[in-house]
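In what follows, a structure is listed as structure tokens, so that the remarks can point back to it.
The values are calculated or read from the model by the stated rules, or taken from the named source; none is laboratory data. The shown structure was predicted, so the numbers you read here are calculated from the model rather than taken from an experiment. Cβ coordinates were reconstructed from backbone atoms using ideal geometry, including for glycine residues, and neighbour counts include every protein chain displayed.
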Amino acid sequence: MGNIDQSRRRWLSLGGIMLGSSLVANSAFAVLSTAAPKILHFKNINTGEKLSSPFAPGKGLAKSDLQKLNYLMRDRRSNLVHNMDPRLFTKLYQIQSRLGLRSCEISVICGYRSPATNAAMHRRSKGVASNSYHMRGQAIDFRITNVSLDNVRKVAQSLNNGGVGYYPRSNFVHVDTGPNRTWRGS
């Protein structure tokens, strides 16, 4: 009987050790898999202004950061500020994540465009849509520092939501929160 009790105690001790170690491992995994906020770094190439903003998956940007981004994305010609669609920043976060980048600089070529600016650009180039999503605060033309434009385009298209325009000669990708579509510009 003594041998059975000792064997049982050893078995229970071993089971307790195994259970305890699996709980520690699961806790460590949970900490590692918790999505930490990433930082979205923006630089407006026309004004030189920069802004870094934490982006928390599932939560997005803080309201104060959205207001700062609205200003950064303003129409540089008229200096008009417009509310940008927050889904646009979620899309940029998703692109950054799928590229495997914890942090990168998003160079903003164009965010919001006033109707007057858009009309003037449309007169100069038929590549500018007369009813552009830029006028609604739903589009951004951008590139990501040290990432090939083609990779940015492919990842943006893989999201399968909204518009993706590829402009290799002009060196930018356009994304918007309108209907799904893709095109290639100059």
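Details
- Note on the stretch 146-179: among residues that are within 14 Å of the chain's Cα centre (by Cα) and of a type in the set (Ser, Thr, Tyr), the one that is surrounded by the fewest Cβ atoms within 10 Å (Cβ to Cβ) is 158.
- Whenever a residue of the stretch 100-121 is free of Cβ contacts under 8 Å to residues at least 24 places away in the same chain, its partners that are not in a helix (DSSP H, G or I), lying with C-beta atoms within less than 7 angstrom and at least six residues away or across chains, give the pairs 118/128; 118/132; 121/128.
- Top-ranked residue in the stretch 43-83 [being touching a residue at least 60 places away in the same chain (Cβ under 8 Å) and closer than 20 Å to residue 115 by Cβ; ranked as surrounded by the fewest Cβ atoms within 10 Å (Cβ to Cβ)]: 46
- Segments classed as helices (runs of 4 or more DSSP H), wholly inside the stretch 52-138, with at least 1 members that are more than 17 Å from the chain's Cα centre (by Cα), modelled with pLDDT under 95 and in the same structural domain as residue 177 (by TED's automatic domain parsing): 63-72, 115-124
- Answer residue from the stretch 129-163, given it is in contact with a Ser or Thr (Cβ under 8 Å, 6 or more places away or on another chain) and of a type in the set (A, V, I, L, M) and is farthest from residue 184 (Cα to Cα) among those: 135
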